[in-house]
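S.K.: Before I ask anything, let me first share the structure, which is written out below as structure tokens.
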Amino acid sequence: MPFIDDTILDALFVQGERTKEQKDTLKLSDELVNEVIDADVLVIGSPIYNFSVPASLKAYFDLIARVGLTFKYGETGPIGLLENKKAYIVMSSGGTEIGSDADFAGNYIKYFLGFIGITEVEFVKLDQLMFGSEPKIEAATKKIAEIG
Amino acid sequence: MKILNINSSSNKLASTSASFADKVVAQLIKQNEGATVVK
């Protein structure tokens, strides 16, 4: 997953028509955006690395945050454009408790999804596995079995 | 129902979240007739 660089920024924030090179630069972003638009349900599996999300997930979110496609700016701030979608966030961690002050992953993912309009979000938590994984795995398995 | 499965990493530290995300996808398919995975 490529990270945002000057070439991508120039293609994103172009004035007027994009050149062929700029369109090519945004090809992957366009494909990822179309996948999200096409989906009814997102299932995001993510570990917590050092209190936050893997860099690849951040890079993915950066590529699907597109003005006019997944969000727009209104008079009072950004408005998410992806409606009627639900997301399941399956998160695992070794030591970080999901929802704690040390968790910069779960809240970030939830906030980002809300930013693009996906507000119906459900967590499947597998956190602090280094302190005993069996109860967590049991609870996650039970929660998944209850998904309709 | 179209399901997009996004696994953020493929190394061994991500195997738990990835495998349980797959279980969520399997459950959604089981519970929703015609559900498909778009990726």
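S.K.: Quote to one decimal, in nm, the extra length available between A:Glu35 and A:Ala59 on full extension: 0.36 nm per residue of separation minus the C-alpha distance between them.
M.R.: Result: 7.1 nm gained on full extension.
S.K.: Can you tell me the relative contact order of chain A? Whole percent, Cα pairs under 8 Å, sequence separation 6 or more.
M.R.: Once normalised by length, the contact order is 21 percent.
S.K.: Tabulate in residue order the Karplus-calculated ³J(HN,Hα) for segment A:41-47, using 6.51 cos²θ - 1.76 cosθ + 1.60 with θ = phi - 60°, rounded to whole Hz; enter x for Gly and Pro.
M.R.: Karplus-based 3J(HN,Hα) across segment A:41-47 equals 10, 9, 10, 10, x, 8, x Hz.
S.K.: For each of A:Tyr88, A:Tyr49, count neighbouring Cβ atoms within 10 Å of the residue's Cβ, then give the residues from fewest to most.
M.R.: A:Tyr49, A:Tyr88
S.K.: Quickly estimate the mean residue ellipticity at 222 nm for chain A, helices only: each DSSP H run with n ≥ 4 gives -39500 (n - 2.57), and the total goes over all residues, rounded to 500.
M.R.: -11000 deg cm²/dmol
S.K.: In whole Å, what is the distance between the alpha-carbon centres of segment A:74-148 and segment A:6-49?
M.R.: Taking the Cα centre of segment A:6-49 as reference, the centre of segment A:74-148 is 23 Å away.
S.K.: At 7 Å along Cα-to-Cβ for each site, give me the label-to-label distance between A:Thr141 and B:Asn32 in nm.
M.R.: Output for this residue pair reads 2.5 nm.
S.K.: Now for a separate question. Subtracting the Cα-Cα distance from 0.36 nm times the residue separation, let me have the gained length for A:Lys110 to A:Met1 in nm, one decimal.
M.R.: Computed gain between A:Lys110 and A:Met1 is 37.2 nm.
S.K.: Take the Cβ-Cβ distance between A:Asp10 and B:Lys39 as r, set R0 to 41 Å, and report the resulting FRET efficiency rounded to the nearest 0.05.
M.R.: On the way: r = 28 Å, r/R0 = 0.68.
Taking R0 as 41 Å, the efficiency between A:Asp10 and B:Lys39 is 0.90.
S.K.: Does anyone have the angle between helix A:134-145 and the longest principal axis of chain A? Alpha-carbon axes, 0 to 90°, nearest 10?
M.R.: 60 degrees
Throughout, read-outs are computed from the coordinates displayed, never taken from laboratory work. From a predicted model like this one, the values you see are computed outputs, not experimental measurements. Because the Cβ atoms are built from the backbone with ideal geometry, glycine has one as well, and the counts that use them run over all protein chains shown.
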